[in-house]
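See structure below.
The values are calculated or read from the model by the stated rules, or taken from the named source; none is laboratory data. Because the structure is a prediction, the values reported are computed rather than measured. Here the Cβ positions follow ideal geometry from the backbone for every residue, glycine too, while neighbour counts run over all protein chains shown. When the accessible area is computed, the model is the full protein with side chains, heavy atoms only, and any ligands, DNA or RNA have been set aside. Shrake-Rupley method; radii C 1.70, N 1.55, O 1.52, S 1.80 Å.
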There are 2 protein chains.
Amino acid sequence: MSNNGYTGHMEPHEPDLTAVPVTSVLAALADDVRLQIVRALSEGGESPCGSFDFGVSKATRSHHLKVLREAGLTRTRAAGTSRLVRLRRDELDKLYPGLLDAVLAHHRPA
Amino acid sequence: MSNNGYTGHMEPHEPDLTAVPVTSVLAALADDVRLQIVRALSEGGESPCGSFDFGVSKATRSHHLKVLREAGLTRTRAAGTSRLVRLRRDELDKLYPGLLDAVLAHHRPA
DNA sequence: GAGCTTGTTCGACTCTTGTCGAACAACGGT
DNA sequence: ACCGTTGTTCGACAAGAGTCGAACAAGCTC
């Protein structure tokens, strides 16, 4: 955390899902902005980071995408000047069958 | 908050589940202590607050039970000097089918 | 009623989290 | 090479969350 020796290239750090505590997965989903991102992502396919404009700054958006990525919910790959994000749905469904469905099916009474 | 007009009786405040934001439900589950409480509760039946001794003080335990209750996950009723807590499983399963199962089935690799 | 047991509430403290603007980095186009 | 676009990272800040001990309340039992 305090290491400033930035060597110029760092991979997105996408953990093995089985190594992520359940509480981290749930915590990642327990935010309104992130839930909207996941909802958008659940449509399928890849989307650039910039497409998730939910009323927060790009710094905040980047932060939320990092949280999702480090919780094992998304994968990111560079594509030109953009970064394409996608849901790790199959892995999620295998490890937590029904979780995503339950969360996404619930169409926001709040 | 500075009002000292405590009238002497306050109900446990158990909200209608449909009025609770999804993020609050997820946030309630996104804590290790609370998840252990829910796991214990998922065995079925009612348990007194004191039975959830997961290495925290009774003040902290009381706090966590309050979070669960206000997120609509549990119900509490007074029974003598104790308070019996139970999971609102049927309601949960109806509103978020598969959620609890998915979370509870995952037997803690972390 | 005195005392014990069981929980809740009240500060207080610390750590984490969401948020932003600004600076930086990487890439693509002109 | 310069600039614009797209993201990330860096402080900084405010708000929230988890933790505790101590004080309080309510109910039993003797």
**Complete:** Along region A:18-27, Karplus-curve 3J(HN,Hα) (6.51, -1.76, 1.60; θ = phi - 60°) to the nearest Hz, with x for Gly and Pro, reads 5, 8, 8, x, 3, 4, 5, 4, 5, 4
**Asked** To the nearest 10 degrees, how steeply does helix A:58-70 sit against the main Cα axis of chain A, on a 0 to 90 scale?
**Response** 70 degrees
**FRET efficiency for A:Ser42 and B:Asp53, using Cβ-Cβ distance with R0 set to 45 Å, rounded to 0.05** = 0.70
**Prompt:** On the accessible surface of the protein assembly as shown, probed at 1.4 Å, how many percent belong to carbon and sulfur atoms?
**Reply:** 50 percent
**Asked** If the limit is 27 Å between Cα atoms, which of A:Lys94/B:Lys66; A:Lys66/A:Lys94; A:Lys94/B:Lys58 go over it?
**Response** A:Lys94/B:Lys66; A:Lys94/B:Lys58
**Request:** Using a 10 Å cut-off on Cβ to Cβ distances, tally the other chain neighbours for every residue of B:15-22 and report the average as a whole number.
**Result:** 3
**Item:** Distance (nanometres) between label positions extended 7 Å along Cα→Cβ at B:His107 and B:Ala78
**Value:** 4.0 nm
**Request:** Normalising by the residue count of region A:17-105, find the relative contact order in percent from Cα pairs under 8 Å and 6+ residues apart.
**Result:** 33 percent
**Prompt:** Under the Kirkwood approximation applied to all pairs of distinct alpha-carbon atoms, what is the hydrodynamic radius of chain B in Å?
**Reply:** 14.8 Å
**Request:** Could you calculate the FRET efficiency of A:Asp90 with A:Glu14 from 1/(1 + (r/R0)^6), where r is the beta carbon distance between them and R0 is 22 Å, rounded to 0.05?
**Result:** 0.95
